[in-house]
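The block underneath contains the structure these notes are about, expressed in structure tokens.
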Amino acid sequence: MTRVFSIACIATLLVTLCTAADSAKEVLAAQEAFGKASVAGDKAALDKLLHDDLQYVHSSGQLDSKSVYIGNITSGRSKYLAMEMSGTTVRVFGNYASVRTKLVVRGEQQGKEMITHLNVLFAWVKAGKGWQMVDRQAIRVQP
């Protein structure tokens, strides 16, 4: 009986680990899709990837909602030319995931070129549309 219980526990643990690894890959794919959509100004992709209750905090402390972020990207007010992630870690807790990364952003802000180095924490939730970003907090760091 103990042996059967031990085998069942090990099987459950393996399934849980595989599911978490698959979810982490899905979250990382959503994270990368967000970067590409932001650079491309892809409103439809951003609408799918960003949760309706998004709180997007810039390194300046400015807080954007989903509609403000998408509006700034699609109007050209904020233009991203590239977003390069490094040192990225993903942690999954059921339908919630966090992504911590170093991010170098190249772009234009109100017509001025910028290169910004950030440490960023993204929060994702798994909802009806798949993984959606619900929170983002960034701090500016030295290169």
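The values are calculated or read from the model by the stated rules, or taken from the named source; none is laboratory data. The structure displayed is predicted, hence computed values, not measured ones. As a convention, Cβ positions derive from the backbone with ideal geometry for all residues, glycine included, and neighbour counts pool all protein chains shown.
Assorted remarks:
- In the condition set (1) of a type in the set (A, V, I, L, M, F, W, C); (2) under 17 Å from K102 (Cα atoms); (3) crowded, with 19+ Cβ neighbours inside 10 Å, L49 is compliant with all but (2).
- Residue that is nearest to G128 (Cα to Cα), among those in the stretch 19-61 that are among the hydrophobic types (A, V, I, L, M, F, W, C) and not in a helix (DSSP H, G or I): L50
- Residue in the stretch 71-78 that is assigned to a strand (DSSP E or B) and either modelled with pLDDT of 95 or more or closer than 17 Å to A138 by Cβ (or both) present: yes
- Across the stretch 75-89, the number of residues qualifying as surrounded by 14 or more Cβ atoms within 10 Å (Cβ to Cβ) and either over 22 Å from D47 (Cα atoms) or of a type in the set (S, T, N, Q) (or both) comes to 2.
- Pair list, Cβ < 9 Å and 6+ apart or interchain, from the stretch 56-68 residues that are in contact (Cβ under 8 Å) with a residue 40 or more places away in the chain to residues that are hydroxyl-bearing (S, T, Y) and surrounded by 14 or more Cβ atoms within 10 Å (Cβ to Cβ): Y56/S65; Y56/Y69; S59/T116
- E26 fulfils the conditions (1) touching a residue at least 60 places away in the same chain (Cβ under 8 Å); (2) of a type in the set (D, E, K, R); (3) in contact with a Leu (Cβ under 7 Å, 6 or more places away or on another chain) except for a single criterion, (3).
- Every residue from the stretch 108-129 that is at pLDDT 95 or above and among the small types (G, A, S): A123
- Summed over the stretch 102-143, the residues that are touching a residue at least 12 places away in the same chain (Cβ under 8 Å) and not in a strand (DSSP E or B) give a count of 5.
- V99 being crowded, with 19+ Cβ neighbours inside 10 Å, free of Cβ contacts under 8 Å to residues at least 24 places away in the same chain and touching a strand residue (DSSP E or B) at 6+ places or on another chain (Cβ under 8 Å): no
- Qualifying position, being out of contact with any Cys (no Cβ under 6 Å at 6 or more places or on another chain), under 13 Å from L118 (Cβ atoms) and free of Cβ contacts under 8 Å to residues at least 60 places away in the same chain, among G71, G76, G41, G87: G87
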